[in-house]
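> Would you mind keeping the following structure in view while I ask a few things?
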Amino acid sequence: MMSDYLNIISLIIELFSKERFRHPRIFNRLIVGIIFIFLLIYFYVFGWITSQDRTVMIILFSLIFLYAFIAYKAVNGPIGLSRMKLNEIESVIEQGLSWNRDDLFSKMPIYFIDFTEIYKYKTLQARYFIERNDFKKAYEIYNSIDERKLFKNEMKKLYQNKAFTLIYLGNISKADELLETVKEEKDPIYLMLKSIIFENAGNIDTASKYLQKALNNIPGDDSEINIKFLVYNNFGRIRRIEGNDIDTIYYYGKSVELAKKQKNKQLLHVSYQNLIHSYLLQGEYDKVNEYFEEYQEFIDINILNDLIELYNFIIELDSQKLDFNSLRKNVVDGYFKLRDKIDGIKRLCFDVNALRFMFNANIDLDNVLEEINKNIECYFSIKMPDKYFCFKEIIQVLKGVINYSYYQKFYPLYQKIFIYMRDLALSDIENYIDSLKDYEVNERCKLETEKTFLIKYYNKTYDFNKIYKNMIDIKDIYGNNGMFIDMIEMDLNIVDECFYACRYVEEHNEPLNKIIEHLKLAEDNVPKIKNHPKANEFNLRLAYYFLGLGDKIKAKYYFDKFEVSGVAIANYAFWLQGYYNILKLNL
């Protein structure tokens with residue numbers, strides 16, 4: 001009998017010597033199981049249970065085996081009621097209902113006690129916030145997960161998810177560091193994320209090579225549809241940047257087929273819109289109509305995000321086709337159909353976005369301005385930075401129309417916002433920047449750029465040197481974080497600022513020299529990003545600035561590159577449309 005005990009103890013020691021069995025998710029369950037077994041042996045030794053009590057023995061052994069089975073299943077994921085609840089939440093997200101359900105993650109169910117349940121809940125919660133474009137919140141949720149309780153594969157996925165959110169937050173160097181800790185040369189997600197990092201760094205060729213490797217390593221079957229979708233979609237996008245229309249259409253088409261199998265709304269929106277837009281740029285209007293009809297079949301008018309995606313896409317198509325009558329009609333229809341489905345702060349922000357759309361499309365602004373004017377006090381209760389950006393959009397539009405007699409009735413609204421922008425906006429921005437985490441690089445640079453805007457337009461004196469230094473610092477931050485395309489944009493912004501400064505600075509040579517310096521930097525770097533979507537805008541701006549320097553040959557060269565892209569100017573901001581019109585008149 002003693003030798004049997006020693007054998008059992010020896011087996012237990014051997015179990016705990018293995019790393020897997022010492023893992024927190026297994027260790028506690030294993031201890032409980034061992035206690036059950038020892039209790040059974042104890043009862044047997046002291047005669048409380050005998051070999052004659054077969055029914056009792058069968059029940060006890062059945063309970064031990066049942067516990068072992070449940071413990072094994074629970075180690076790897078949620079079970080029972082928890083699993084059903086988590087599947088229900090996941091279904092809500094996949095149906096595209098994230099924007100309809102503000103309360104989806106308001107409170108975690110009290111019966112979520114086990115780590116696997118909490119872990120799954122948090123990963124879904126992060127995914128929910130990503131779909132709502134709140135990458136900061138998603139990253140904070142990923143950070144709250146106890147990494148000590150994760151298995152190796154789960155740790156890899158968590159780090160990849162963190163890296164993905166960090167890329168969007170602008171801390172690309174930190175994203176790269178995280179990926180290197182879980183480096184796996186044949187993992188398609190690792191390869192795809194590395195590709196995005198190289199693309200942001202302006203290294204399109206290396207980005208393409210990484211995506212080709214990702215493509216070569218995706219599963220042959222449909223066991224990992226989401227992974228295949230991401231790789232196909234991103235490969236189609238990088239091939240579009242490289243100018244290969246055949247590959248672009250092929251891989252976007254593959255993405256559509258996978259999205260239809262998965263029936264995930266977000267994947268359907270992304271894939272169909274990419275494919276339709278690509279056919280439109282190639283002038284294949286029959287294909288545009290065919291796939292647009294298919295796309296509409298998946299739209300549910302009761303789902304807010306479906307309607308927003310649909311109307312935004314219709315407006316984009318109208319802009320590309322230069323069908324301004326249809327554009328104006330759809331902007332107005334979309335505004336009235338969507339507005340009633342939105343409430344609270346989201347409605348206030350929606351009105352401001354609609355105002356900008358209507359202004360760009362040269363539509364009567366009376367209805368939306370009346371709504372904004374009626375609710376103006378509510379805008380002051382919106383949290384930063386949304387409060388500032390709402391006021392900036394409103395006043396920029398009002399500046400464009402306030403001199404028309406019809407819109408003079410909104411002059412008190414203009415004055416109220418002007419006072420905020422002049423007296424309060426800068427301190428609001430500075431306080432908000434102070435509250436940002438170090439990984440929120442994009443947000444910080446965006447708000448630092450807004451500070452220069454306020455210093456420029458709402459200060460009594462124009463301080464060119466201060467503005468220039470701020471812009472150089474922002475460009476440097478972009479560079480340190482591997483954001484090459486943003487660096488190019490900042491060079492062009494500096495050029496724009498220097499042209500403005502020539503009107504106010506007595507010594508014109510200083511801003512003029514800086515124009516030449518930064519224009520040369522941008523001109524040298526734009527070709528490196530090939531046909532990236534931002535390249536079209538950059539080419540248009542290069543053309544405008546060279547025209548400003550009197551170099552019509554270069555202006556014509558870059559203007560022609562913009563025209564050849566096939567992207568209609570109506571897709572761009574109003575100020576870029578102004579640049580385009582000046583170029584059209586002078587070239």
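The values are calculated or read from the model by the stated rules, or taken from the named source; none is laboratory data. Owing to the predicted nature of the structure, the values given are computational and were not obtained by experimental measurement. We place every Cβ from the backbone using ideal geometry, glycine too, and count neighbours over all the protein chains shown. Ligands, DNA and RNA are stripped out before the accessible areas are found, and what is left, the full protein with its side chains, is counted by its heavy atoms. Shrake-Rupley method; radii C 1.70, N 1.55, O 1.52, S 1.80 Å.
> For the range 258-382, what ratio Rg/Rh do Cα atoms give with a Kirkwood hydrodynamic radius?
Details: Rg = 16.2 Å, Rh = 15.8 Å.
Answer for the range 258-382: 1.02.
> Read phi for every residue in the range 116-131 and hand back ³J(HN,Hα) as whole Hz from Karplus 6.51 cos²θ - 1.76 cosθ + 1.60, θ = phi - 60°, with x for Gly and Pro.
Whole-Hz 3J(HN,Hα) from phi for the range 116-131: 4, 5, 5, 4, 5, 4, 5, 5, 5, 4, 5, 4, 4, 6, 4, 5.
> Can you tell me the length gained on complete extension of the stretch N459 to Y111, counting 0.36 nm per residue apart and subtracting the Cα distance? Before the final figure, lay out each step's value.
Numbers: separation 348, 0.36 × 348 = 125.28 nm, distance 5.69 nm.
So the extension gain works out to 119.6 nm.
> Rounded to the nearest 500 deg cm²/dmol, what is the calculated helix-only ellipticity per residue at 222 nm for the chain, with -39500 (n - 2.57) per DSSP H run of length n ≥ 4? If you can, show how the numbers build up before the last one.
Numbers: 29 runs with 437 residues, N = 587.
For the chain, the value works out to -24500 deg cm²/dmol.
> Using a probe of 1.4 angstrom, how much of the accessible area of the chain is carbon and sulfur, in percent?
54
> Defining a contact as two alpha carbons under 8 Å apart and six or more residues distant in sequence, what relative contact order in percent does the chain show?
Answer for the chain is 11 percent.
> Taking the Cα centroid of the range 124-150 and of the range 354-387, what is the distance between the two, rounded to the nearest whole Å?
After rounding, the separation between the Cα centres reads 32 Å.
> Also, quick follow-up: Under 15 Å Cα to Cα from K149, which aspartates and glutamates show up? Leave out anything in the same chain fewer than 8 places away.
Cα-Cα hits under 15 Å: E19, D114, E117.
> Take N153 and N431, extend 7 Å from each Cα along the Cα→Cβ direction, and tell me the distance between the two endpoints in nm.
Label at N153, label at N431, 4.9 nm between them.
> Put +1 on the Cβ of every Lys and Arg and -1 on every Asp and Glu Cβ in the range 497-580; which of N513, G566, L576 then has its Cα farthest towards the positive end of the dipole?
Toward the positive end, the furthest listed residue is G566.
> Straight-line reach from K260: which aspartates and glutamates have Cα under 13 Å away, leaving out those fewer than 8 places along the same chain?
Of all the aspartates and glutamates, those that pass the test against K260 - Cα under 13 Å, at least 8 places apart if same chain - are E94, D222, E294, E297.
> Same structure, new question: If you line up the long axis of helix 324-339 against the longest principal axis of the chain, both from Cα atoms, how many degrees apart are they, to the nearest 10?
With rounding to tens, the tilt is 50 degrees.
> Please list log₁₀ I(q)/I(0) at q = 0.14, 0.17, 0.19 Å⁻¹ for the range 80-149, using the Debye equation with identical point scatterers on the alpha-carbon positions.
Values returned for q = 0.14, 0.17, 0.19 Å⁻¹ are -0.41, -0.60, -0.75.
> On full extension of the chain, what length is gained from E293 through K383, given 0.36 nm per residue of separation minus the C-alpha to C-alpha distance?
Length gained between E293 and K383: 28.4 nm.
> If you don't mind, another one. Would you mind working out the magnitude of the charge dipole of the range 80-149 relative to its Cα centre, with +1 at each Lys and Arg C-beta and -1 at each Asp and Glu C-beta, to the nearest 20 Debye?
100
> If you roll a 1.4 Å probe over the heavy atoms of the protein chains, what accessible area per residue do you get for the chain, in Å²?
With all protein chains present, the chain gives 51 Å² per residue.
> Here is a follow-up. Ignoring everything but the protein chains, give the 1.4 Å probe accessible area of F574 in square angstrom, nearest 10.
100
> In addition: Taking Cα centroids, how far is the range 482-545 from the range 235-285 in Å?
32
> Still on this structure, I have one more. Please give the solvent-accessible surface of I113 in Å², to the nearest 10, using a probe radius of 1.4 Å with every protein chain present.
130
> Still on this structure, please answer the following. Roughly how many nanometres apart are two label points built 7 Å out from the Cα toward the Cβ at K530 and R356?
Label at K530, label at R356, 3.0 nm between them.
> By how many degrees, between 0 and 90 and to the nearest 10, does the Cα long axis of helix 245-262 differ from the longest principal axis of the chain?
40
> Here's something else I'd like to know. Mind checking which lysines have their C-alpha under 22 Å from K263, skipping anything on the same chain fewer than 8 residues away?
K263 reaches K85, K120, K228, K254, K287.
> Just the accessible area for M84, please: 1.4 Å probe, Å², rounded to the nearest 10?
Around 130 Å² of this residue is reachable by solvent.
> Projecting each Cα onto the charge dipole of the chain (Lys/Arg +1, Asp/Glu -1 at the beta carbon, about the Cα centre), which of L348, S144, G220 comes out farthest on the positive side?
Projecting each Cα onto the dipole axis, the largest value belongs to S144.
> I've got another one for you. Would you mind working out the magnitude of the charge dipole of the chain relative to its Cα centre, with +1 at each Lys and Arg C-beta and -1 at each Asp and Glu C-beta, to the nearest 20 Debye?
Roughly 780 debye for the chain.
> Identify, among N373, Y335, I417, the residue whose Cα sits farthest towards the positive end of the charge dipole of the range 324-432, taking +1 on the Cβ of Lys and Arg and -1 on the Cβ of Asp and Glu, with the dipole about the Cα centre.
So the residue we want is Y335.
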